[in-house]
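What follows is a single structure, written as C-alpha cells, with notes after it.
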Amino acid sequence: MLTYRNTFENIKTINCNFPIEDQFYVNDNGDEAIVADGITRDPVGISDFNLISFEEFIKKYPRPSGGEIAAKTIVDTFKNSKGTLKNRLIECNNEVRKINAKYIKKCDYLENDYYGAVASCVKLESNTLHYAFICDCGVIIYDKFGNIKFKTADEKELLSDPYINKIGIPWNLKEARIIVRRDYRNNPNNIKDNKCVSYGALTGEEEAINFIRTGKVKLLPSDIVVLYSDGFVNFLDDKKFINLLLNFDKEHFEKYVNEKTKECYDKYGKEKTIIVLKDVIKC
C-alpha cells in the first residue's frame, strides 16, 4: 500500500508565522484517514476588511488560531475514537464544543466566532470504503484509467453559495459575515425554495450533526482514494495531476503542485491538504 499525505502552505503566508489550519491523520495500516480544515478567523480588532491590507490582515490574524485548534482537536479525537465514522465526527464536534465553552463566552460571529473546522474521513473494511464528510472537505476515487469513479459533493457550493451570493453585502463588511455564519452555517431551518440551503461545520453546535454525510463505495484493487481540503478542488480534474496520481512519485508530484500553486493564487495558491491511498485492497 502507498500512503502519501501533505499540507501545502498558502504561498502568501509562508515565512509569516501563520497558523497551519489544515490537519490530517492516517493510521499505520492505511485503512483510516481524516483531513480537517480549520475555519478562517477574523483578524483581531478589525471588523471592516476594507480598512486593512493583506499584510495587515496577516499581522492581526489570531495566534494561536481557533481554526487550527479546532482542526487539531478533530484529528486527535478521530484518532482516538471508535465506532462509525458519523459517530466519530459527532464525538469530534462534542470536543470542539468543549473548546468553545472555554474560549468563546459569547459568539458574535466575528472576532469571537465559534472555533470550528470542516472534515472528511474514511475507513476501509475489506473491499468497501466507508466515508463521512461535512461541507467542502471531500473524498474522490479514481479508477486505473484516471476516471473519476466517485466524488463527494460540496454542499456549500451547490446549495448555499447561490443564495449567499445574493445577500448583496461585500464579505469585507461585518454584516455579511454575521449573516452567513449565523443564518447559513449549521442552520437546518434555513429553507429557501423548499430546500435547506445551509452548510455544515464542526463548531460544537448540535445542529452540525444534520450536515454530516456518510456512505460507502466498493473498491477495486486498482482504485486510488484521495482525501482533500478545499484548496485542492481545482486540481482534481487536471489531467497531469491525475496522471501523477496514477504513476505516483513524491518528488514529481510535489514539484507539479508547487508549480501550479505559483501559477494562479486564487485557484491553486491557498493552503491545501491531500491524502493519497493506493493499493488499499489486495487482488
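The values are calculated or read from the model by the stated rules, or taken from the named source; none is laboratory data. In this text, all values refer to a predicted model and were calculated from it rather than measured experimentally. Using ideal geometry, Cβ is built from the backbone for each residue, glycine included, and neighbour counts are taken over all protein chains shown. Surface accessibility is based on the protein's heavy atoms, side chains included, excluding ligands, DNA and RNA. Shrake-Rupley method; radii C 1.70, N 1.55, O 1.52, S 1.80 Å.
A few points about this structure:
- Residues of type aspartates and glutamates that Lys166 reaches as a straight line, Cα spacing below 15 Å, ignoring anything fewer than 8 places off in the same chain: Glu157, Glu175, Asp183, Asp193
- Segment 99-227 has equivalent-ellipsoid semi-axes of 32, 18, 12 Å, by the square roots of 5 times the alpha carbon gyration tensor eigenvalues, sorted largest first.
- Placing pseudo-labels 7 Å out from each Cα toward the beta carbon at Lys250 and Asn147 gives an inter-label distance of 3.3 nm.
- Percentage of interatomic Cα-Cα distances in the chain larger than 32 Å: 23
- Net charge, Asp113 excluded, C-beta distance under 12 Å - Lys, Arg +1, Asp, Glu -1: +3
- Three principal axis lengths of segment 159-226 [C-alpha, angstrom, descending]: 50, 26, 24
- Stretching Ile52 away from Lys98 to a fully extended chain increases their span by 13.3 nm, per 0.36 nm per residue minus the current alpha-carbon distance.
- Between the Cα long axis of helix 66-79 and the first principal axis of the chain there is an angle of about 40°, rounded to the nearest 10.
- Computed from the Kirkwood radius of its Cα pairs, the Stokes-Einstein diffusion coefficient for segment 184-283 at 25 °C and 0.890 mPa s stands at 149 µm²/s.
- Split the accessible area of the chain by element, probe 1.4 Å, and carbon with sulfur accounts for 47%.
- Applying a threshold of 20 Å to the alpha-carbon distances of Lys82/Lys278; Lys123/Lys156; Lys216/Lys270; Lys12/Lys260; Lys102/Lys156; Lys195/Lys267 flags Lys82/Lys278; Lys123/Lys156; Lys216/Lys270; Lys102/Lys156; Lys195/Lys267 as lying beyond it.
- Distance histogram for segment 142-194 (every C-alpha pair counted, 10 angstrom bins, percent rounded to whole numbers): 20, 41, 18, 15, 6
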